[in-house]
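Coordinate-derived values only; no laboratory data. Bear in mind that the values here come from a model prediction, so they are computed numbers and not experimental data. Neighbour counts run over all protein chains shown; Cβ positions are idealised from the backbone, glycine included.
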Amino acid sequence: MNIPNRLPDYCTLAVSEGSLVGSIQAITIDCNGNVYGGVGMSLGKSATVFTGSIIVGWISTAERPEENELRNFCEGNSNNVSGGFFFGFGRTYSNGMVGVEFGFFAPQLGGSTLDSTSLGSVRSFVYDLLGSVLPQT
């Protein structure tokens with residue numbers, strides 16, 4: 001696996017239910033602060049009925065992807081193959097791009113298909129929150 005020499009392009013928290021076939025829900029935040037949510041189906045082997053992962057990922061490009069490239073990768077349909085026992089790795093395929101991922105896993109090995117959509121931006125949430133808390137000048 002070739003990991004680009006830069007900070008991760010995105011971070012994902014995923015939770016699955018079902019020890020062989022089940023559902024998956026995921027929240028992804030990209031390096032620009034954009035937030036995506038997705039649901040889908042998982043297939044694989046897990047030590048428990050509920051399992052999850054927290055990963056960081058890089059799109060396989062030499063330079064950091066532009067914001068619209070990250071959006072294209074994080075939105076829509078994606079397919080993932082991953083596994084780990086406390087620490088693990090995976091690959092996500094989305095819109096002709098490949099993401100390489102490492103992180104923390106509950107014991108699991110399998111694949112998933114996910115349909116994700118934009119939920120907004122962490123930046124706009126923080127700005128809105130600060131605007132309502134800080135005194136107006």
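Among D9, D115, a tally of other beta-carbon atoms within 10 Å of each Cβ gives an order, fewest to most, of D115, D9. Between the labelled values [x] 15.7; [y] 7.8; [z] 9.3, the entry that holds mean projected area of the Cα convex hull in nm² as derived from this structure is [z]. Against the main long axis of the alpha-carbon atoms of the chain, helix 122-133 sits at an angle near 40°.
Find the relative contact order for the chain and round it to a whole percent, using C-alpha pairs within less than 8 Å whose residues are 6+ positions apart.
That works out to 27 percent.
Within the listed set R64, R123, R91, the residue fluctuating most in the Gaussian network model of the chain (springs between alpha-carbon atoms under 10 angstrom) is R123. Taking label points 7 Å from Cα along the Cα-to-Cβ direction, E63 and F87 give a separation of 3.3 nm. Listing I55, I29, I3 from fewest to most neighbouring C-beta atoms within 10 Å gives I3, I29, I55. Residue order for E17, E66, E101, fewest other beta carbons within 10 angstrom first, comes to E66, E17, E101.
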